[in-house]
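Q: Before I ask anything, let me first share the structure, which is written out below as C-alpha cells.
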Amino acid sequence: METKKIFNNLDTWDQKVILKYNGFGGKPFTIILKILSFFGRETIWMLLMVFYLFIFYDPLLFSHITSIFLLGVVIIAPIKKCMNRDRPFESLKDIKVLERKPTSRSFPSWHAYNVVSQGLLLAYLLNSLLIAITVLIFAAIVSFSRIQLGVHYPSDVIFGFFIGFFGFILAITFVAPLLMRVILFFELIIGSQIHYQIINPLLLKNIFYTLLVLGLIIVIVVLAIHKRIQEAIGKQEK
C-alpha cells in the first residue's frame with residue numbers, strides 16, 4: 001500500500017513538472033534543445049562504433065563506446081519493456097510534442113543514459129575533472145530537453161541519468177576490458193598488418209571493404225530516419 005502511494009505521488013509530481021516545462025522558453029529555445037537532444041540518440045554512437053572499427057581503427061575507443069552502448073541495450077530495453085510506461089503525450093492531453101513522436105516506452109530515458117555514460121567515458125579517457133563537470137551539465141540540459149519537448153517525464157530522465165553512471169562504471173570496470181581481450185585475440189588470428197589510428201588504406205584499395213563500410217553507415221542512417229520515411233510514404237498514399 002505504501003509503495004503504491006509512493007508511485008502515485010511520483011506520478012503526480014511527474015505530471016506537474018512536465019506540464020509546467022513543456023514548451024518552456026518558446027520556439028527559439030525549443031530549436032536549440034532539439035539540436036542538443038540529438039547527442040542522446042543511439043545513431044551517433046553507432047556511427048562512432050563503425051568509424052573506430054572500420055575507418056579509423058582504435059580498439060580502445062571502439063571497445064569502450066561499444067561496451068556502453070551494449071550495456072544500454074541490455075539494461076534500458078528490458079526495463080522499458082517491463083515498466084511499459086506510456087509517453088507523456090499518450091497520457092496527458094495538454095502535452096505538446098515538439099519533436100517526432102518516439103515509439104518506444106517512456107521509462108527510463110535512452111537519451112539521458114547515452115549522454116551521461118558516453119560523456120563520462122570521454123572525461124575518463126582524457127582524465128579531466130573539468131570535462132566531467134562540463135559533461136554532466138550538458139547531460140542535465142539534454143535530459144531537460146526531453147521534458148521540454150514533451151517526450152519524457154522527469155523521473156524517466158532522472159533514472160536514465162543515474163543508470164548512465166552505472167553503465168559507465170560497469171563498462172570501464174568489466175565489459176570494455178573483456179571486449180579488448182576479444183579484439184586482441186582476433187588481431188592475433190588475422191596476423192596481417194593492422195593500421196592503428198589512421199584512415200584505413202583498405203577504403204581506397206578494396207572496393208568490397210568500401211562498400212561494406214558504406215553499407216553499414218547507410219543501414220544506421222536508415223534505421224534512424226525510417227519512421228520519418230514511413231510517415232512521408234503514408235502522407236503520399238493519403
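No lab work stands behind these numbers, since they all come straight from the coordinates. Only a predicted model underlies this, so the values are computations on that prediction, with no experimental measurement involved. Don't worry about glycine lacking a Cβ; one is built from the backbone with ideal geometry, like all the others, and counts go over all protein chains shown.
Q: For a footprinting-style exposure proxy, rank 19, 126, 188 by other Cβ within 10 Å, fewest first.
A: Values: 19 14, 126 10, 188 7.
Least to most surrounded, the residues fall as 188, 126, 19.
Q: Next question. Taking the chain as a Gaussian network, where each spring joins two C-alpha atoms under 10 Å apart, which residue of 223, 121, 71 fluctuates the most?
A: The residue with the greatest mean-square fluctuation here is 223.
Q: Take the residue pairs 16/80; 81/101; 20/96; 34/96; 5/80 and return only those whose Cα atoms are more than 20 Å apart. Numbers along the way, then the final one.
A: Details: 16/80 22 Å; 81/101 18 Å; 20/96 12 Å; 34/96 14 Å; 5/80 22 Å.
Flagged as over cut-off: 16/80; 5/80.
Q: Right, here's the next one. Can you give me the orientation-averaged projected area of the convex hull built on the Cα atoms of the range 1-64, in nm²? Intermediate values should be presented prior to the final figure.
A: Working: hull surface 30.2 nm².
Averaged projected area of the range 1-64's Cα convex hull equals 7.6 nm².
Q: Calculate, in nm to one decimal, what residue 8 and residue 41 gain on full extension: separation in residues at 0.36 nm each, minus their alpha carbon distance. Write down the numbers at each step before the final one.
A: On the way: separation 33, 0.36 × 33 = 11.88 nm, distance 2.98 nm.
Contour length minus Cα-Cα distance gives 8.9 nm.
Q: Relative contact order, percent, of the chain when contacts are C-alpha pairs under 8 Å separated by at least 6 residues? Could you put the intermediate results ahead of the total?
A: On the way: 273 pairs, mean separation 66.6, N = 238.
Here the relative contact order equals 28 percent.
Q: Then there's this: Can you grab the distance from the C-alpha centre of the range 35-58 to the C-alpha centre of the range 93-146, Å, no decimals?
A: Between the Cα centre of the range 35-58 and that of the range 93-146, the gap is 15 Å.
Q: Full-extension gain between residue 216 and residue 27, please, as 0.36 nm times their residue separation minus the C-alpha to C-alpha distance.
A: Numbers: separation 189, 0.36 × 189 = 68.04 nm, distance 3.52 nm.
Full-extension gain reported as 64.5 nm.
Q: Further question on the same structure: How far is it, in nm, from the label point at residue 187 to the one at residue 126 when both lie 7 Å from their Cα along the line to the Cβ?
A: 2.4 nm
Q: Using only the Cα atoms, work out Rg/Rh for the range 2-200, with Rh taken as the Kirkwood radius, to two decimals.
A: On the way: Rg = 18.8 Å, Rh = 18.1 Å.
Value, to two decimals: 1.04.
Q: A follow-up question, please. Just 206, 84, 127 to compare: in a GNM of the chain, with alpha carbon springs under 10 Å, which one fluctuates most?
A: Highest fluctuation among the options: 206.
Q: If amide hydrogens are placed 1.01 Å from N in the peptide plane, which non-local residues have theirs closer than 5 Å to the one on residue 85?
A: 106, 107
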